[in-house]
Every structure is written in C-alpha cells, then in structure tokens.
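Student: After the structure tokens below, expect a handful of questions from me.
What follows is calculated from the coordinates using simple rules that are stated; it is not laboratory data. Since the structure is predicted, the reported quantities are computational estimates derived from the model, not experimental observations. Positions of Cβ are generated from backbone atoms using ideal geometry, with glycine treated the same way; all protein chains shown enter the neighbour counts.
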Amino acid sequence: MALSTLPIELKLSAIQYLDPESTFHFALTCKDHATICQSILKEHGRLLLEGQVFDTDWGNVLLWRFLLEVFEDPSIGWYVRELNLPPNRQTSWVEEHQSVQNAPSEEEKTLFDNAARQLQDLYTPTTRFSSLSYHPLEGLTDPNDMIGTIQARISKGYEDGIIAILLHHLPFLQTIRITDSDTVGLEIFVRRIADEYQKPDRSPHLPFRHLKTVAIAHRDSEMSCAVDWAVSFRDIPSLTTLVAQCMGNSSYFVKPDTFSVGHVPTSNVTELFLYSCQLDAEKGLAVILADIKNLKKFTYTSGGCTVSDSSYYNPKMVIRELVKYAAHSLEELTMDQSDLGEDLSDEMDIPTTSLRAFQKLRILNIEYKLLRPLDRSSSASSTGTLKEGFYTADAHAAIDDVWDVRIILPESLEEFYSHGEFDGDDGAYDEWEQVKDLFGTESAMVPRLKMEKVCIRRRRMGYSEDVIGMAETPAAIWESPVVKRLLEGHGY
C-alpha cells in the first residue's frame, strides 16, 4: 500500500514516533503531509527551545540522573544540541568528592552497566591504543576495551563513563564544551569513536553524527589539556570548528601514515582556534594539521611556560607547518605572543619565515615581531644584509633600503593587521619611520592590499602610540565571539 493512501489517523499515529528531523523530512514530501505535521513540528520546536542546551554548570543537573530520564523517555535526547561540561560540574561521586545523596544506587549502577553492555557490538576489543599511558588508580582497566573502561569508570564513581553512554542517546548533538576534569576515560572513548568512523558500516550507529563544534579547556591555571583531544575530535567527519584553551605539548597518538608520502587527509575541520596554547610545532600542531583537508581559519595565541615547560611557541615553525598543510586553503590567520614575552621561542625557532606560498590568505592579524627574521647580526654579509632583506643597525646607517615585511606576505592578502613596539629593544634600529615610508607606497608583492585595510600599531606598555593605515583596530582575541561563546565558564 502506498504511503499516500494511508488514512490520516494512521499517519498521525506513526508520526508520533518520529524524531524532529524525520518529521520535518516527512512534512516536505507533500502538501497534505505538511498540513498534518504542523502541530507536531510546532511541539518539536517548543521542546527544542527548552532542551537544546544541556548544562551541568554548578551541578544543577546531574548527568547520571539525566541518563536515567533518557532511559525512560529516549525522545528527551532528541532536542539536545549542546552539551556543556564545565569544571564546576559533578565529575564524580566518590566519597571524598561528593555526598551520598548525589550518587546513584547500586540498582541504578546496574542499569548503567547493562547499557554499556549493549554497546559491545560497536566497540569490540582492539590493540590500537597500546601506546597510550594511563593511571590505574583513575579507574581504567584496559584502554583497548571500551566497554570494560566505561564500566570501570562508573564503578569507581567517575561520570565520564556516564557521558560515554549518554552520547549514544543525543543523536542531534552539534556542540560539546569540555573542561578536562576527571575525563581520562572520555578522552580515550572519543579517540575510539573517531577510529570507528573509518568503518562506513558503523557510522549510522555512532555518536557525533551531527557534531559541528568542539571546545576543550584545561581545568587548572598551570599545565595543559592533551593534544590528543584535538587529534581525536578532528577525525569526526561532521566537525568543522575545533577550539582549545591551554592545550600543550605533543601528541601521543600518531597514526602510522600521518606523515607518509601520499597521505590523504580526511578531516573536514575548517577552523582551528588555539587560545593560550603551547604546542610542539612538529609533534603536536603538525599532527593535528596533517589530517585536515581544507583548513580555512587558524588562530593561535601563546600560553607560555605556564601551559608547557617543554614546548615553545616558535611562530616561524608554526607558519612553516601551516604552509606545509594548509597553503592551498587557509584564508584567515591570527597569531599573537605579546602578552607572554619571548618565552625562549627566539632561541628554539627557525630564523626566518615566509607566507608567500599561501594561495588564498586574505586576512592576516599577527604580531610584527613574529614575522621579523630573528638573527640580525651573526649571519650578515659584508654589506650588512640578512636573509629576507633585513639589515643590521650598522648597515642601515650606510644604505637606504630597509626590510620590507611585504616581501614575505602572500599575493592574495587583502587585510593586514599587526602591532609591535618597534623600539630597537634587541639592538636593532628604530624602524617605525621606515615602516611608515614603506607603506606609503604600494607594493607589487601584495597588489590587493590597500591602506584602507591596513592597521599597524606601535605599542608601548600595552598602549598604541601611533598607527599606520586606515583600518579599524581589530578586537582583542580574548574578546572574540569564539572565546566568549565557547570558552566562557571553562578552564581555570
């Protein structure tokens, strides 16, 4: 019997069991279906407004109690679009952390245990995680045994095991915001989900099918959250925006073919936003970038030695890695180190950089010193010239030319925002007037760049003293919508 010939009463009865997305698609099939779906779609809209953000802030909502509600009525999970896991949520119910009233009963733990067992067909034991280290006192059994890990975490009183189960009941989740408090099991679980997405037959049954945005923050004022959070979430096919705060060091999970010749990237991430981070350029950042197909927007501010005492900002290395993996696609680049000083990066970084290889870069917002060649004296030739056209202070007294930053900027550039002290604090001449003169004339190196879209600020003690260009001063990175929307209430 054709669907169109079914009685309206029967159609209405069937529609009651459809999720919001399926109901919407059914309504689009014909005018009659659109009519009978109106009231149901209106109700879906009301429930979506009420339940689209699941917020565990200050323990107002307990994850394990919400999961029990979902067991009773799975439709509750249909409306959750954002899962917020801030540092002040209940992360565990072990005796030294939480009161007995906030812990599930043994009977309820059995329900969770059974729910984990129902996922066995999705997550069969593997040997992929043999290189991962973990602390046995945190309640992990075997990182390769996800079901056992979930059960062990719940048994020990950690709610990341609850989250692992809950994610399977949030089919339309689009955004997840995490502070890494008691989440060692969840971190491994996300890695496993990403691996399972490499198997097409598993995809329809996995969490994160509609996930677009992820934000991860570190729980403390010192040290960092693991790079492997980013490596794992990056491989979720639907993800487009990846945000991290206080992420540092290197990745411990590098796929064997990541840096091999002919490696084909698979990640659909288009924006990578690293706020107050400190990643090893080659063993951390490059691992993330190597599997991204078409990165369009990149923001990276230094977290300094409080985030990592073993990795350095190394801006020129960062640009080199971006050129290697995103020269064909990157459109916006923002980098800043000013608030945290040199942090030994000058000693560890490569001496020069160039952005000429970027084919589509339109907007550049970068601290001026991150572009300057580092060595202004030791490698000078007899005329006092250095690589990329820079001159020593002595040589500058005898010649007219000065280093022109535009020779390393991409031809595609349309907007240039920068700032610096320009005060010769490292022995070089005061170049501010020379930079003014240079930008007083157009350059064939950047034919699309006009003064209306240039803003170079000379700063002293944090204040702007003079400006080159007519563009408005860009907002501080900490005032960006990404920070305010996705990182507020997270981290330390």
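Student: Taking each full run of DSSP H in the chain as one helix, which ones are at least 18 Å long along their axis (Cα atoms) and have mean Kyte-Doolittle hydropathy of at least -0.5? Mind dumping the intermediate values first?
Tutor: Numbers: long enough: 31-51 (29 Å, -0.31); 184-196 (19 Å, 0.45).
Sorted by number, the helices that extend far enough and score high enough are 31-51, 184-196.
Student: Just want the ordering: E415, E282, from fewest to most Cβ atoms lying within 10 Å of their own Cβ.
Tutor: E282, E415
Student: I'd like to know which of S329, Y158, S232 lies farthest towards the positive end of the charge dipole of the chain, counting +1 on Cβ of Lys and Arg and -1 on Cβ of Asp and Glu.
Tutor: Highest projection toward the positive end goes to S329.
Student: Using the basic label-point model (7 angstrom from Cα toward the beta carbon), what is the M451 to R209 distance in nanometres?
Tutor: The two pseudo-label positions are separated by 5.7 nm.
Student: Tell me, in nm to one decimal, what length is gained between N60 and E347 on full extension, where the rule is 0.36 nm per residue of separation less the Cα-Cα distance? All intermediate terms of the calculation are to be shown ahead of the outcome.
Tutor: Details: separation 287, 0.36 × 287 = 103.32 nm, distance 4.83 nm.
So the extension gain works out to 98.5 nm.
Student: As a test of the formula, what do you get for the chain when each DSSP H run with n ≥ 4 contributes -39,500 (n - 2.57) and the sum is divided by the residue count, at 222 nm and rounded to the nearest 500 deg cm²/dmol?
Tutor: Helices in the chain give a 222 nm mean residue ellipticity of -7500 deg cm²/dmol.
Student: Say R0 is 41 Å: what FRET efficiency, to the nearest 0.05, do Q359 and D220 get from their beta-carbon distance? Walk me through the numbers before you get to the answer.
Tutor: Details: r = 40 Å, r/R0 = 0.98.
Here the calculated transfer efficiency is 0.55.
Student: Still on this structure, please answer the following. Taking the Cα of V53, stepping 7 Å toward and past its beta carbon, and measuring to each backbone N in region 144-188: which are under 16 Å?
Tutor: Within reach of a label on V53: 174-179.
Student: Take every DSSP beta bridge with both residues inside the chain and express the antiparallel ones as a percent of the total, to the nearest 5.
Tutor: Values: 7 of 58 bridges.
So the antiparallel bridges in the chain amount to around 10 percent.
Student: Modelled label-to-label distance, Q16 and L68, 7 Å Cα→beta-carbon offset: nm?
Tutor: Inter-label distance under the simple model: 2.7 nm.
Student: Could I ask something else about it? Only loop residues by DSSP count here, and only those with at most 16 other Cβ atoms within 10 Å; note down the trypsin sites (Lys or Arg not before Pro) in region 155-225 that meet that.
Tutor: Working: sites: K156, R177, R191, R192, R202, R209, K212, R219; in loops: R202, R209, K212, R219.
Qualifying residues, ordered by number: R202, R209, K212.
Student: With an 8 Å cut-off on Cα pairs and a minimum separation of 6 or more residues, tell me the relative contact order of the chain in percent. If you can, show how the numbers build up before the last one.
Tutor: Values: 927 pairs, mean separation 43.6, N = 492.
Once normalised by length, the contact order is 9 percent.
Student: Right, here's the next one. Among the lysines, select those whose C-alpha is under 26 Å from the C-alpha of K42, and discard any that sit fewer than 8 residues away in the same chain.
Tutor: K42 reaches K11, K31, K212.
Student: Taking a cut-off of 20 Å between Cα atoms, list the lysines near K324, but don't count ones fewer than 8 places away on the same chain.
Tutor: Correct list for K324: K255, K283, K293, K296, K297, K316, K360.
Student: For F298, F259, what ranking results if the residue with the fewest other Cβ atoms within 10 Å of its Cβ goes first?
Tutor: Numbers: F298 24, F259 12.
Listing F298, F259 from fewest to most nearby Cβ atoms yields F259, F298.
Student: Based on other C-beta atoms within 10 Å, arrange L62, L47, L186 from fewest to most. Present the calculation step by step, with values, prior to reporting the outcome.
Tutor: Values: L62 19, L47 15, L186 24.
Listed from fewest to most nearby Cβ atoms, that is L47, L62, L186.
Student: Still on this structure: Grab the beta carbon distance between S105 and K283, set R0 = 35 Å, and tell me the FRET efficiency rounded to 0.05. Don't skip to the answer; put the middle values down first.
Tutor: Numbers: r = 46 Å, r/R0 = 1.30.
After rounding, the FRET efficiency stands at 0.15.
Student: Right, here's the next one. What FRET efficiency would be calculated for the residue pair T126, Y463, taking the C-beta separation as r and a Förster radius of 56 Å, to the nearest 0.05? Please report the intermediate quantities before stating the final value.
Tutor: Values: r = 56 Å, r/R0 = 0.99.
The pair T126/Y463 has a calculated efficiency of 0.50.
Student: When the expected Rg is taken as 2.2 N^0.38 Å, what fraction or multiple of it is the alpha-carbon Rg of the chain?
Tutor: Here the Cα radius of gyration is 1.15 times the empirical estimate.
Student: Compute the Kirkwood hydrodynamic radius of region 52-211, taking the inverse of the mean of 1/r over all pairs of distinct Cα atoms, and give it in Å to one decimal. Mind dumping the intermediate values first?
Tutor: Numbers: mean 1/r = 0.0628 Å⁻¹.
One decimal place: 15.9 Å for the Kirkwood radius.
Student: Rg to Rh for region 3-46: what is it, with Cα atoms only and Rh by Kirkwood? The partial results should precede the final answer.
Tutor: Details: Rg = 9.5 Å, Rh = 10.3 Å.
We get a ratio of 0.92 for region 3-46.
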